[in-house]
Amino acid sequence: DIRVGDGGAALVTTQAAEKVYRSTGPDCRVDTRLRVAAGAWLEWCPQETILFDRARLRRSLRLDLAAGARAMLGEVVVLGRLASGERSSHGLLHDRIDVHAEGRLAWRDSLRLDGEYGSTVDAAAGLAGARSFATFAYAAPDAAEHLDRARELLPAEGAGATVVDGILVARFLA
């Protein structure tokens with residue numbers, strides 16, 4: 001639970017990657033709440049989340065923005081420790097991001113991989129074989145003004161950007 005007060009500014013990160021190991025029982029649950037008061041600025045930049053094979057993770061992030069508040073957030077998921085040759089293709093990932101602006105839901109993103117999800121990851125209409133993916137969002141009154149520049153900065157393949165209800169959203173696959 002992170003709160004940035006009126007006119008404040010904060011950069012929040014984590015000390016290490018979040019590792020979610022195999023579970024033979026219950027799901028791991030991580031709930032994050034970010035609140036940004038009027039005229040405040042928040043950068044939420046945790047290190048990546050690494051899912052090991054047969055991990056079970058239910059993760060939610062809720063961002064609440066007051067009038068005139070701004071926030072930038074990034075979330076990265078890696079399916080296995082790639083440098084070690086490990087690959088995650090079974091388990092559960094239910095990952096949800098909700099952005100509320102002045103008390104109303106402005107954007108919701110939800111991803112669910114469940115059971116044997118290797119074929120979904122490999123499918124062209126899934127993750128096209130990517131073993132990691134990231135979501136970036138910029139929520140601010142001027143977000144739409146940055147769309148063209150964001151698209152110019154993105155790599156030619158494996159990334160895209162759009163604006164949804166005043167929130168700039170970019171996706172990356174690798």
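The values are calculated or read from the model by the stated rules, or taken from the named source; none is laboratory data. Note that the structure is predicted; figures quoted are calculated from it, not measured. A quick note on method: Cβ atoms are made from the backbone with ideal geometry, for glycine too, and the neighbour counts reach across all protein chains shown. Heavy atoms of the whole protein, side chains included, go into the accessibility calculation; ligands, DNA and RNA do not. Shrake-Rupley method; radii C 1.70, N 1.55, O 1.52, S 1.80 Å.
Hey, among A66, A17, which residue is over 30 Å from R131 (Cα atoms) and not β-branched (V, I, T)?
Details: A17 fails: over 30 Å from R131 (Cα atoms).
Among A66, A17, only A66 is over 30 Å from R131 (Cα atoms) and not β-branched (V, I, T).
Of the residues that make up region 75-87, is at least one of a type in the set (V, I, T), under 19 Å from the mean Cα position of the chain (by Cα) and farther than 21 Å from E48 by Cβ?
Within region 75-87, the first condition is being of a type in the set (V, I, T), and the residues that meet it are 76-78.
Cutting the leftovers down to under 19 Å from the mean Cα position of the chain (by Cα) gives us 76-78.
Next, only the ones that are farther than 21 Å from E48 by Cβ stay: none.
Scanning region 75-87 turns up no residue that is of a type in the set (V, I, T), under 19 Å from the mean Cα position of the chain (by Cα) and farther than 21 Å from E48 by Cβ.
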Practice problem: Scan G160, G115, G91 and give me the residue that is in a strand (DSSP E or B) and either closer than 18 Å to T49 by Cβ or open to solvent by 80 Å² or more (accessible area, probe 1.4 Å) (or both). | Solution: G91
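Within region 128-157, can you find the residues that are in contact with a helix residue (DSSP H, G or I) (Cβ under 6 Å, 6 or more places away or on another chain) and open to solvent by 30 Å² or more (accessible area, probe 1.4 Å)?
Residue satisfying the conditions is G129 alone.
Which residues, counting only those in region 58-74, are open to solvent by 30 Å² or more (accessible area, probe 1.4 Å) and either within 20 Å of the chain's Cα centre (by Cα) or over 23 Å from R104 (Cβ atoms) (or both)? Show your work before the answer.
Pass one, region 58-74, residues open to solvent by 30 Å² or more (accessible area, probe 1.4 Å): 58, 60, 62, 66-68, 70, 72.
Selection gives R58, S60, R62, R70, M72.
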Practice problem: Take region 49-81 and flag every residue that is polar (S, T, N, Q) and in contact with a Ser or Thr (Cβ under 8 Å, 6 or more places away or on another chain). | Solution: S60
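Of everything in region 32-62, what is without any contact (Cβ under 8 Å) to a residue 40 or more places away in the chain, within 23 Å of S84 (Cα to Cα) and part of a loop (DSSP other than H, G, I, E, B)? Give them in sequence order. It would help to see each step written out before you state the result.
Step one: list which residues in region 32-62 are without any contact (Cβ under 8 Å) to a residue 40 or more places away in the chain, which gives 32-41, 43, 45-47, 49-50, 52-62.
Filter once more, so that each one left must be within 23 Å of S84 (Cα to Cα): 46-47, 49-50, 52-57.
Hits for region 32-62 are P46, Q47, F52, D53, R54.
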Quiz item: Does V20 count as open to solvent by 40 Å² or more (accessible area, probe 1.4 Å), under 18 Å from the mean Cα position of the chain (by Cα) and closer than 26 Å to T120 by Cα?
Solution: no
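Quick check on R29: is it of a type in the set (K, R), assigned to a strand (DSSP E or B), surrounded by 15 or more Cβ atoms within 10 Å (Cβ to Cβ) and modelled with pLDDT of 95 or more? Lay out the reasoning, then the answer.
Working: of a type in the set (K, R): yes; assigned to a strand (DSSP E or B): yes; surrounded by 15 or more Cβ atoms within 10 Å (Cβ to Cβ): no; modelled with pLDDT of 95 or more: yes.
No, not satisfied.
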Quiz item: Are there any pairs with C-beta distances below 6 angstrom linking a residue in region 113-136 that is over 16 Å from D95 (Cβ atoms) to a residue that is in a strand (DSSP E or B) and open to solvent by less than 70 Å² (accessible area, probe 1.4 Å), with the two at least 6 apart or on different chains, and if so which?
Solution: E116/H90
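For region 96-103, indicate whether the set of residues that are in contact (Cβ under 8 Å) with a residue 40 or more places away in the chain and open to solvent by 20 Å² or more (accessible area, probe 1.4 Å) is non-empty.
Residues of region 96-103 that are in contact (Cβ under 8 Å) with a residue 40 or more places away in the chain, as a first pass: 97, 99, 101.
Next, from what is left, pick out any that are open to solvent by 20 Å² or more (accessible area, probe 1.4 Å): 101.
The answer is yes, given that some residue of region 96-103 is in contact (Cβ under 8 Å) with a residue 40 or more places away in the chain and open to solvent by 20 Å² or more (accessible area, probe 1.4 Å).
Test of understanding: among D6, D95, D64, which residue is of a type in the set (D, E), within 30 Å of P141 (Cβ to Cβ), modelled with pLDDT of 95 or more and in contact with a Leu (Cβ under 6 Å, 6 or more places away or on another chain)?
Values: D6 fails: in contact with a Leu (Cβ under 6 Å, 6 or more places away or on another chain); D64 fails: in contact with a Leu (Cβ under 6 Å, 6 or more places away or on another chain).
After applying the criteria, what remains is D95.
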Self-check item: Matching entry among R58, R70 (being basic (K, R), at pLDDT 95 or above and within 16 Å of G8 (Cα to Cα))
Solution: R70
